[in-house]
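Nothing in this text is a laboratory measurement; each read-out follows from the coordinates by a stated rule. Source: prediction; values computed, not measured. A quick note on method: Cβ atoms are made from the backbone with ideal geometry, for glycine too, and the neighbour counts reach across all protein chains shown.
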Amino acid sequence: MKRKAIAVCLSLMVWPLLGAAPVAEIQAILAKPKVLCGRFDQTKQLAGLKNPLRSSGRFCVVADKGVLWRSLQPFANTVRLTRDEIVQWHGERLAMRLNAKQEPTVRLINTLLFSMLAGDLGQLEKYFDVEGVAGDGAWSVKLKARDAGVAKVIGAIALDGGVYVKNIAIDEAKGDRTRIVFSAIQTGEQAITSEEAALF
Amino acid sequence: MSWRRWVPWFWAVVVAAVSFHAGILWWHDRLVPDTDILALLPAQQRDPARQRALAQMVEAAQQRVIVLIGAADWDDARNAAAVYRKNLAPYGHLLRAADGISDHTESDWLAAFKNHRLTLLTSEDDAALRGQAPSYWLDRALAKLYSPFAGPQPLAWRDDPFGWFNNWVLARAQETPVRPRAGELFVSAGERHYVVLPLTLQVPAFAVAGQQALMPVLEQARQAAQQAAQRVEIIQGGVVLHAAAAAAQAQREMSTIGIGSLTGILLLIWITFRSFKPIALVALSIAVGCLGALSIASLVFERIHLITLVFGASLIGVAQDYGIYFLCKRLGANEQLDSWRLLRHILPALILTLVTTLIGYFSLVLTPFPGLRQMALFSAVGLIFAWFTVVFWFPTLVHASKLKNRAVAERYGRGATRWPRFAKNRRSLGAALAFAGLAGFGGSRLTVQDDIRSLQNSPKPLLDDQLKLGKILDLASPVQFFLLRGADAEALLQREEAVKRRLDLLVQQKQIGGYHAIANWVPSARIQQSRRQLIDKLLLQKDGALAALAAKLGEGQSWVSGARTRLLAAATPLTVEEFFQSPASEPWRHLWLGRVGDQYASIVALRGVNRSNLTLLRQTASGLEGVEWVDQVSEISALLADYRYYMGWVVLLSCVAVFVLLYPRYRQSSWRALAPAALAMLLALALLGIVGQGLQLFHLLALMLLLGIGVDYGIFLQEQGSHDDGTAWLAVTVSAVSTLLSFGLLGFSQTPALRAFGLTMAIGIGAVALIAPCFRRATADAQPPGSLG
């Protein structure tokens, strides 16, 4: 408890010194592979539920194409985000297809998620106030939506990592919290399986 | 004779009275012409609910200007929008921007549904609720739980475990592609991001003064915004822009066509009379006619319709004939002949010309259309006033010594005798056959065109912008929708739901883009109750999906009962009244007409209406009680068709009536007075057929006028004595040329209705002036009663 208090005090002292996030510096640390795949472990703590919900699976971020998010545990669920569309499959069954024509915010959502996974802070800065630190090949940032209405819904987002994004933490105002940890990251054309490539 | 003294004074008193009355009308601004096209519908067809519906849909659209400011980069678009807004700011009395969206909007928006959200379901979820097994819902809840990108959800998971409300909010948001973004309204299309600026007019859209003030302001704001960033696209749309373009065009034409015809008429009068006094006199008779018509018509009718004024203005063509005839006769008569005695000589012909024209207008009174009746009364009164002005004032105002130059008149007289005459010979037979062939050929090709859209004449860039705007914003049609009625709000909502079920199919088949209905927001009490019961029974009980979900999540029985209580607490019935208290209802309130008479009425508006799905939509309403398809475009077109139909009969019957009136005076020669007008009308119709112009109301209005004028000419020429001095022909020529100059030139107008009117007048008057002399009687048998000795 005491340590936590100290940490809070420290961060309070440090944060004002940060000023504008060293976006350029972080961008320099991050690799920008054309294809990036890996394992994710997601923990959700929802308001009103005792136990956290854990899920894991694989994800791929393909430049100029989009994001593939395949939950494998506890059940198979695949989401594909492309520029103009969100498609979701439960197992093999198509569960949802939403395009930018039906829902204009699709493009915005997809851009943001892609940027978040790829660590494209330049893009994120358009929509968020970015505060953070960088040094020694590691970095961490906090994002706060510039639009107050959006901020209310999304809450606070924190990212950290090195060459790639390692952790994402989303704290929603409603009390739901999500933590995602990335590991076993591979890059290059061989990182994506043929099965995954077929889904794009 | 004393009556010669007091008659002009008596008429002066009458004219003073109507002038005074018309002045009051003018200055007290009661003279706001009725522009509502529905006012022209027969009274029994005017249904109050329908009128309210159209007023709410159309008038709301009428006072709106929507501006889209787009750029490839959102910040560029925002900057340009800020510049645009700043430029408009000083003109709040003309145009007001809608209030910006605050940070609270979204939560306020949701707050209204907080206690009702459980029964707010999309049609798909409703169908799933009624058709799917509980295991389906378990899967859905789990998928939602683990999904990483559920997007921003309006509620915490436990308040919406099955995602119904989330889907419903999404569906409601999708009723428009416009979204709030950083304090602006935002829409995207293609590669561009647009800021949407909804503006509300503070001046009436059809008031010319307001338009003139507004247009430069909008243009200046547009240019300023254009320069604020690179490659900014600005799309402006609104009824006022079209109205202003039409008014500007009318003004341009008034100054070109108007000046052209005025110079022409002045020149004509000068050549004929070597004096401008005649034109002042003719103008005087017309002015008195117009004042009288305005005054009497406004006493009889509550409001005068714009179309009455427009058609009434065309009176000039007939009203001038009386004055011109008098003046030409004066010019031709012996100087010793006193003007009052001259009048006595020509009075029979003058009476006949008036009566034959009036008969046509009186037959218009018999039609069931208030618009035509109003036009008829206006025209008849105007003609009577102009006529009396000629008869009561001209003899005193025009002395024999005033008009002396007879050189032109004499030349005319000589010319008249050389003009071909219709008789029983080969040449005439050939001409008759050629004419019959032409009329038959043209007549067989004649089509009708009543589509109101063919009368539209907005400039192309404006139409393109409007089209683009409609497409980007996916706006509902303001003139095509379903009108629903029910005994009370609940019955009405149930009927909306019946329509919704049919429309959902059309949306699925991509026939229409979507629809707006209050029932989208407030389900009927019946549906709300059945959903609540079904949800509780299938999902929230001990063996339901909620319990199965709890088992999966490792939660106990207390969690299930707690969740059930929470969910059911959010299922209190939502009413229309409650919905209307929420800011979320603001864009949709116009759909609910509420109580009209002893019923409730509402509108279901449609997105993506086009020519190809109109029939389908009309059929959609069939068989549903209390649901009516309203298509204002085809209704106005149908109204124009009805007017055209009745007008056609009136023209035909008028011909017969004119013949009957002419008969007592001209006996066997009566046809000679009528034939020129009849033939000219046939020729005009034939030529319209040949050039492929569909016949419409405005052609027939012109034909009606043509009949009045043509018969006048016929009468003038029949009155011509054996001592042919050519004055009758002079009167005909002067009148015809000035009519051609005033109305024929309208054929050059860019406004389709005026062009149709002008073209018919040009063909008809030209023809009648050329044909009429052919039917003069041979000098040998010419001895009409009362002719000048």
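How large is ³J(HN,Hα), in whole Hz, for each residue of region B:608-624 in order, when computed from phi with the Karplus curve 6.51 cos²θ - 1.76 cosθ + 1.60 and θ = phi - 60°, using x for Gly and Pro?
Rounded to whole hertz, the list is x, 7, 9, 4, 6, 9, 4, 4, 4, 5, 4, 5, 4, 7, 5, x, 9.
Once you order the gyration tensor axes a ≥ b ≥ c over the Cα atoms, which shape class does region B:315-431 get: rounded for a/c under 1.5, otherwise prolate or oblate by comparing a/b with b/c?
Here region B:315-431 falls in the oblate category.
Given the options A:Gly161, A:Gly188, A:Gly119, which has the most mean-square fluctuation in a GNM of chain A, springs set between C-alpha atoms less than 10 angstrom apart?
Sorting by GNM fluctuation, first place goes to A:Gly188.
Rank these for me by crowding, B:Trp521, B:Trp729, B:Trp3, going from fewest to most other beta carbons within 10 Å.
B:Trp3, B:Trp521, B:Trp729
Quick one: order B:His28, B:His699, B:His516, B:His193 by neighbouring beta-carbon count within 10 Å, fewest to most.
Fewest-to-most Cβ neighbours within 10 Å comes out as B:His28, B:His516, B:His193, B:His699.
Would you work out the relative contact order for chain B, in percent, from Cα pairs under 8 angstrom that are 6 or more residues apart?
After rounding, I find 20 percent.
Would you please classify the overall shape of region B:512-614 from the alpha carbon gyration tensor, given that a ≥ b ≥ c denote the square roots of the eigenvalues, rounded means a/c under 1.5, and beyond that prolate means a/b larger than b/c while oblate covers the rest?
Verdict is prolate for region B:512-614.
For region A:138-180, what is the relative contact order in percent, using Cα pairs closer than 8 Å and at least 6 residues apart in sequence?
Over region A:138-180, the number comes to 32 percent.
Quick check: net charge around A:Gly132, other residues with Cβ under 10 Å of its Cβ, Lys/Arg +1 and Asp/Glu -1?
Taking every Cβ under 10 Å from that of A:Gly132, the sum is -2.
Scaled to the compact-protein estimate 2.2 N^0.38 Å, what is the alpha-carbon radius of gyration of region B:640-679, rounded to two decimal places?
Taking N as the residue count of region B:640-679, the ratio is 1.38.
What residue among A:Leu53, A:Leu121, A:Leu143 shows peak mean-square fluctuation when chain A is described by a Gaussian network model with Cα springs under 10 Å?
The residue with the greatest mean-square fluctuation here is A:Leu53.
In square nanometres, what is one fourth of the surface area of the convex hull spanned by the alpha carbons of chain B?
So the Cα hull casts an average projection of 40.7 nm².
Quick one: P(r) of the protein assembly as shown from all Cα-Cα pairs, 10 Å bins, percents rounded to integers, in order of increasing distance.
Bins of 10 Å from zero give 2, 9, 15, 17, 14, 11, 9, 8, 6, 5, 3, 1, 0, 0 percent of pairs.
Let me know the whole percent of all Cα-Cα pairs from region B:243-287 that are separated by more than 13 Å.
Looking at region B:243-287, the distances longer than 13 Å represent 63 percent of pairs.
Between B:Ser135 and B:Ala487, 0.36 nm times their residue separation minus their Cα-Cα distance comes to what?
122.6 nm
Between B:Ala280 and B:Ala82, what length in nm is gained on full extension when 0.36 nm per residue of separation is reduced by their alpha carbon distance?
65.6 nm
Thinking of region B:192-310 as a set of Cα atoms, what percent of all their pairs are more than 19 Å apart?
Every Cα pair in region B:192-310 considered, those over 19 Å come to 69 percent.
Say the cut-off is 28 Å between C-alpha atoms; which of A:Lys34/A:Lys166; A:Lys44/A:Lys101; A:Lys50/B:Lys144 go over it?
Where the Cα-Cα span goes over 28 Å, the pairs concerned are A:Lys44/A:Lys101.
Given axes a ≥ b ≥ c from the Cα gyration tensor, I'd like to know whether region B:569-697 is rounded (a/c under 1.5), prolate (a/b larger than b/c) or oblate.
It comes out prolate by the Cα gyration axes.
How large is log10 I(q)/I(0) at q = 0.14, 0.18 Å⁻¹ when the Debye formula is applied to the Cα atoms of chain A, each weighted equally and without solvent?
-0.91, -1.49
Sort B:Cys328, B:Cys655 so the one with the fewest other Cβ atoms within 10 Å of its own Cβ comes first.
Going from least to most buried by this count: B:Cys655, B:Cys328.
Work out the FRET efficiency for B:Thr417 and B:Leu397 from their Cβ-Cβ distance, taking R0 = 41 Å, and round it to the nearest 0.05.
That gives a FRET efficiency of 0.80.
Using only the C-alpha atoms of region B:616-771, find the volume of their convex hull and express it per residue in Å³.
Looking at region B:616-771, the number lands at 137 Å³ per residue.
Quick one: Karplus J couplings for region A:63-77, per residue in order, coefficients 6.51, -1.76, 1.60, θ = phi - 60°, nearest Hz, x for Gly and Pro?
Going residue by residue, I get 4, 6, 10, x, 10, 10, 10, 10, 6, 10, 10, x, 8, 6, 8 Hz, with x marking Gly and Pro.
Whole-Hz ³J(HN,Hα) for each residue in region B:423-440, computed from phi via Karplus 6.51 cos²θ - 1.76 cosθ + 1.60 with θ = phi - 60°, x for glycine and proline: what do you get?
Computed from phi, the couplings for region B:423-440 are 8, 7, 9, 5, 4, 5, 4, x, 4, 5, 5, 4, 5, 4, x, 4, 5, x Hz.
Place a point 7 Å from Cα of B:Gln668 in the direction of its Cβ. Which residues in region B:411-440 have their backbone N less than 15 Å from it?
B:423-424
Residues of region B:350-373 with amide nitrogen under 19 Å from the 7 Å Cα-to-Cβ point of B:Val656?
B:356-368
What number, in percent, do you get for the relative contact order of region B:522-650 if the mean sequence gap of Cα pairs under 8 Å and at least 6 apart is divided by its residue count?
14
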